[in-house]
1. When both residues are 6+ apart or on different chains and their Cβ atoms are under 6 Å apart, which pairs have a first residue that lies in segment 171-197 and is at positive phi, and a second that is in a loop (DSSP other than H, G, I, E, B) and not basic (Lys, Arg)?
2. Report the residue count in segment 414-424 for those that are among the small types (Gly, Ala, Ser) and open to solvent by less than 20 Å² (accessible area, probe 1.4 Å).
3. I'd like to check something: does segment 76-83 contain any residue that is more than 16 Å from the ligand (Cβ to nearest atom) and crowded, with 19+ Cβ neighbours inside 10 Å?
4. Only one of 172, 216 is open to solvent by 30 Å² or more (accessible area, probe 1.4 Å), closer than 27 Å to residue 65 by Cα and within 16 Å of the ligand (Cβ to nearest atom); which?
5. Kindly indicate whether residue 146 is within 15 Å of the ligand (Cβ to nearest atom) and either in a loop (DSSP other than H, G, I, E, B) or more than 20 Å from the chain's Cα centre (by Cα) (or both).
6. Consider residue 166 against the criteria (1) under 30 Å from residue 334 (Cα atoms); (2) surrounded by 22 or more Cβ atoms within 10 Å (Cβ to Cβ); (3) within 15 Å of the ligand (Cβ to nearest atom): it satisfies all of them except one. Which criterion is unmet?
7. Name every residue in segment 515-548 that is modelled with pLDDT under 95, of a type in the set (Lys, Arg) and farther than 20 Å from residue 575 by Cα, in order of residue number.
8. Surrounded by fewer than 18 Cβ atoms within 10 Å (Cβ to Cβ) and under 20 Å from the mean Cα position of the chain (by Cα), is that true of residue 292?
Amino acid sequence: MKQLALPFLFALASLTGLHAQETYYEKHVAFPANATAGEKLDIASRLVPTPQQLEWQQMELTAFLHFGVNTFTGREWGDGTEDPAIFNPTALDCEQWVRTLKEAGFKMALITAKHHDGFCLWPTKTTRHSVVSSPWKNGKGDVVRELRDACKKYGVKFGVYLSPWDRNADCYGDSPAYNQFFIEQLTELLTNYGEVHEVWFDGANGEGPNGKKQIYDWDAILKTIRRLQPKAVTAIMGDDVRWVGNEKGIGRETEWSATALTPGIYPRSGEQNKKLGIYGKAKDLGGRDIVARATELFWYPSEVDVSIRPGWFYHADQDKQVKSLNHLTDIYFKSVGYNSVLLLNIPPDLRGLINESDVQRLKEFSAYLKKTFARNYVVKGNEAWHGTSGTVRQYDVQKDALVNTFMIQEDISKGQRIESFLVEAYKDGSWIHVAEGTTVGYKRLVRFSDTCPERIRVTIRSARGMANVSAVGLFYAEPLADKSEEVQLTDIPVDEWQVVGGSEDSRQAIDGDRKTVWRASALTPLVIDMGHEVKVNGFSYAPSLEEDLTGTIYKYAFYVSLDGRSWTKCEASGEFSNIMHNPVPYFVRFGKTYPARYFKLEPVSEINNKNVVTIGEVGILTK
Ligand code: FUL
């Protein structure tokens, strides 16, 4: 992180008459104590990425590969007690993964070397809870190595996800011991596998108030990465790449890479972010008002991580829920097109292959993007130009071109400066409004209705000093039918079901409509009389569809009864593992069948330990 002394630079700029814009601040800048709002904005405009951050941003499409014991148990979060013997892919072929990704245009593959369950996909010296203890290749296998080799062969960059939270390691929670253990694991991954381009540390930790508390030595962890892999970017619990704030694949329309959000791994982050009233999910992380109140800024660009399926790990029952082409395309426009990098998860299946349904969808996705962006209809759209607030640039458009997508890019090696822009089209003798937007950054895409302009003009409505536009484009994206991935939440009709003892609005939880929500102001169980005996082998829980997830159940117990008086607790994991970040319906299968006329869903804890419950829908599984 290069930091240049500001007072000195100001003096230099005024003495030499140099344009102040020739001074850049790489990755981080602290404002001088007495800087005015105007000076701060000027400094903000000259904050730039490191070469690694720039290279990362230019990749646009990167892929996540969630693979591990969860693939074999069907869970999203393992609890660390899994028998390593269950890890036994029958036809693992990392070359198939990488070929699939490469052909689909992905520039990097990032593997869950260790997820929260602690099982390591490489033969680590730190624990036997790894591939060494699994029958796969008689304990001689190394998934990380196979993926690394495949990436090398196909010229795809390689990254690792190493979960800081570890539910298997005995030393987890004994802070110094676990820090050492974690750094050893990291050292192995960053020493023995050639070049690593991204290191991803998840912030997730579902320990709850009575769980183990680990205080991470982020400073030592980061220093290890910088020492061993200086070209790698550090993501999420890192300071190069920022989590966008959701797992739905949707970025912000106004996305500042130059942000006042202090990365969570810095001890000062809590206090500073609180003072500014910002947090990772906040809408505005770098607007004028925030910059004026900030004391320092970070080049901390957004990464949109989302799975191609409802879950992060492969589950056969989600084969029909692979996101539609329309959905994936929308994600592309709302991630890459919103100044972010897309990290799309494609989880290998039990064989150790990317499943046919995902391969097929990726093919469609890349064919669609290739076709859409093959031809830029703006004449000389790739010519760079610069302008301040109010600057207008006119372009010719190729004759008779039908377009519906506008692209604009800033040369971010000189900072992110555009605050808002307008696009108008000249058609039949007059200028009409076509599109507008706020921030641009590395890339901004805006969709509009089909039109056939003769010319277009782009106005920089507002910029921080001199904005540097590197490219402008017009394209045609063919409309796609919305084949939404409707999920069936229950295997049996719900018409006969009655709520037992609850208020009338508890019906909202079983009315077959996810949009209607039942809310209870305590951790109240939901008891249902199904009217007759049913062979139950699982249930589904769908959280509310609303933005505010207050009341979403994290831990639960599920009971069945034949008479509504004596209850049997069903065998289940007892947690909707990742629901706070990925609020999709959860399907819990007991692995056995219980005869039942009544069922009871008992909330044990809420995602934020509040004493409230919301249920979008509950269903019963019998198949
Ligand atoms: C989350 C984790 O808890 C999920 O399991 C997944 O790995 C996702 C990418 O990050 O926080």
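1. 173/214
2. Residues meeting the conditions: 1.
3. No, the conditions are met nowhere in segment 76-83.
4. 216
5. no
6. Every listed condition holds for residue 166 apart from (1).
7. 515
8. No.
The values are calculated or read from the model by the stated rules, or taken from the named source; none is laboratory data. Everything quoted here is computed from the prediction, not taken from an experiment. Neighbour counts are summed over all protein chains in view; Cβ atoms, including those assigned to glycine, are modelled from backbone coordinates with ideal geometry. The area values use the complete protein model at the heavy-atom level, side chains included, leaving out ligands, DNA and RNA. Shrake-Rupley method; radii C 1.70, N 1.55, O 1.52, S 1.80 Å.
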